[in-house]
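> Mind looking over this structure? Questions follow.
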Amino acid sequence: MEAWLSAPLQGAAVLVTVARVEGSGPREPGACMRVSAAAVVDTIGGGHLELQAIATARTMLADGRERHLERYALGPSLGQCCGGVVHLVFERIEADLLATIRPGDWRLLALDGACERRTMADAPPFDPARGSHLLQEQDGRRWFAQLVPAVPNTLLLFGAGHVGAALVRALAPLPCRVLWVDEREELFPSTLPANVQVEATDTPEAVVAAAPDGADFLVMTHSHALDQRLAEAILLRSASGWFGLIGSHTKRKQFEHRLLARGVDPARLAAMACPIGLPGITGKQPAVIAAAVAAQLLQLWEARQTQRNTGAAPIRLVASRQT
């Protein structure tokens, strides 16, 4: 979950949201940061834009304003090389209001007249395919439609070896939840990133069976036999998302032959990512593999979010790296 939404809040704060970007900007519409008198949570892109936004938000906290819309020309007024124009919505919030915001929901905030907040059910007409955006009714009243980021992608990671540990570190700041599975409990570090939960079990196939629909899977255990059992369990599921398997092209061919004999759908096998990672990155160090795989997952998740927002056809992802 986004930090601005999940971090505890005491007292009042101002939610600063990118409402519109003309040309180039440091963050996309819908990006938020939360500004209180003593802290800033998340970012709208840094630089002079963020510094001015923080100052405006703290002025609002002092003077009691409820909402504000401001236009920033990044080049002429702020000296930022992006050169575009960014419109920011400032909204005063308290902890009780923050608690009502649900990931994946639409919120509509009236920018003129009485301070109104509506949900999608009772909102003025707007186009959800546009994502977060400004809109105007026929009477001239302006609104900001905000798509709250959905619950992050879920990845089940099997294997707590060197590559698995490096990947967990790489995924720590990214928009995902990781269930990290291995039978060797002693391999898990004592301190984990906030988005990681561990499962020490000698029946990992049961974890596959209990995974939520649409979850993604990545298998990189210490045993080829275990890798094959997990691959079979994952590929026989009807509601799995992306599946990646660490290994070479030779390993893939061996697994394809064995899994086809066990009744796995050839189309599911064709979609299996093995080798894993973006192409062009050939290093074998755990941190290098982890970086290549994290980038591959980000590409997948961003394409999936674009498809959800627009209803477009699935975006073709580049092939895995060679190994």
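Yes/no per residue for (1) in contact with a strand residue (DSSP E or B) (Cβ under 6 Å, 6 or more places away or on another chain); (2) within 30 Å of Val178 (Cα to Cα):
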| residue | (1), (2) |
| --- | --- |
| Met33 | yes, yes |
| Gly47 | no, no |
| Ala55 | no, no |
| Arg67 | yes, no |
| Gly75 | no, no |
| His87 | yes, no |
| Phe90 | yes, no |
| Asp112 | yes, no |
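> Quick one: would you say Phe90 is in a strand (DSSP E or B) and among the hydrophobic types (A, V, I, L, M, F, W, C)?
Answer is yes for this residue.
> Does Gly280 satisfy the criteria of being of a type outside the set (Lys, Arg), part of a loop (DSSP other than H, G, I, E, B), touching a helix residue (DSSP H, G or I) at 6+ places or on another chain (Cβ under 9 Å) and exposed (fewer than 15 other Cβ atoms within 10 Å of the Cβ)?
Here the answer is yes, as Gly280 does meet what is asked.
> Another question, if that's okay. Looking at (1) modelled with pLDDT under 95; (2) within 23 Å of the chain's Cα centre (by Cα), find the lone condition where Met220 falls short.
With respect to (1) modelled with pLDDT under 95; (2) within 23 Å of the chain's Cα centre (by Cα), Met220 is out only on (1).
> Filter the stretch 1-54 down to residues that are under 19 Å from the mean Cα position of the chain (by Cα) and among the hydroxyl-bearing types (Ser, Thr, Tyr) and give me whichever is farthest from Leu135 (Cα to Cα).
Out of the qualifying residues, it is Ser6.
> So the check is Cβ under 9 Å with 6+ separation or different chains; which pairs have a first residue in the stretch 117-129 that's farther than 23 Å from Glu94 by Cα and assigned by TED's automatic domain parsing to the domain that holds Gly30 and a second one that's in a helix (DSSP H, G or I) and modelled with pLDDT under 85?
Sorted first by the residue in the stretch 117-129, then by its partner, the pairs are Phe126/Met120; Pro128/Met120; Pro128/Asn309; Ala129/Asn309; Ala129/Thr310.
> List the residue pairs whose Cβ atoms are under 9 Å apart, where the first residue sits in the stretch 59-73 and is free of Cβ contacts under 8 Å to residues at least 12 places away in the same chain and closer than 17 Å to Glu94 by Cβ, the second is loosely packed, with under 14 Cβ neighbours inside 10 Å and not aromatic (Phe, Trp, Tyr), and the two are 6 or more positions apart or on different chains.
From the stretch 59-73, the pairs are Ala62/Ala37.
> Sort out which residues of the stretch 241-269 are in a helix (DSSP H, G or I) and among the β-branched types (Val, Ile, Thr), and write them in order of number.
Passing the criteria: only Thr250.
> How about the stretch 138-156: which of its residues are closer than 26 Å to Trp4 by Cβ and not polar (S, T, N, Q)?
Within the stretch 138-156, Arg142, Trp143, Phe144, Ala145, Leu147, Val148, Pro149, Ala150, Val151, Pro152, Leu155 meet the criteria.
> Give the residue, chosen from Ala129, Ala166, Ala170, Ala160, that is among the aliphatic types (A, V, I, L, M) and closer than 17 Å to Gly30 by Cβ.
Matching residue, one of Ala129, Ala166, Ala170, Ala160: Ala129.
> Examine the stretch 115-122 for a residue that is assigned to a strand (DSSP E or B), under 25 Å from the mean Cα position of the chain (by Cα) and loosely packed, with under 13 Cβ neighbours inside 10 Å, and state whether such a residue exists.
Within the stretch 115-122, one or more residues are assigned to a strand (DSSP E or B), under 25 Å from the mean Cα position of the chain (by Cα) and loosely packed, with under 13 Cβ neighbours inside 10 Å.
> Condition (residue is closer than 24 Å to Ala123 by Cα, at pLDDT 95 or above and either of a type in the set (Phe, Trp, Tyr) or surrounded by fewer than 18 Cβ atoms within 10 Å (Cβ to Cβ) (or both)) applied to the stretch 25-36: is it met by at least one residue?
Looking for residues that are closer than 24 Å to Ala123 by Cα, at pLDDT 95 or above and either of a type in the set (Phe, Trp, Tyr) or surrounded by fewer than 18 Cβ atoms within 10 Å (Cβ to Cβ) (or both), one finds none in the stretch 25-36, hence no.
> Listed residues Arg142, Arg169, Arg184, Arg237; which is closer than 22 Å to Arg304 by Cβ and charged (D, E, K, R)?
Arg237 is the lone residue from the list that is closer than 22 Å to Arg304 by Cβ and charged (D, E, K, R).
> Leu236 passes all but one of (1) within 24 Å of the chain's Cα centre (by Cα); (2) over 26 Å from Ala295 (Cα atoms); (3) among the aliphatic types (A, V, I, L, M); which number fails?
Answer for Leu236: the failing condition is (1).
The values are calculated or read from the model by the stated rules, or taken from the named source; none is laboratory data. Fair warning: this is a prediction, and the values are worked out from it, not measured in the lab. Reconstructed Cβ throughout: ideal geometry from the backbone, glycine too, with neighbour counts over all protein chains shown.
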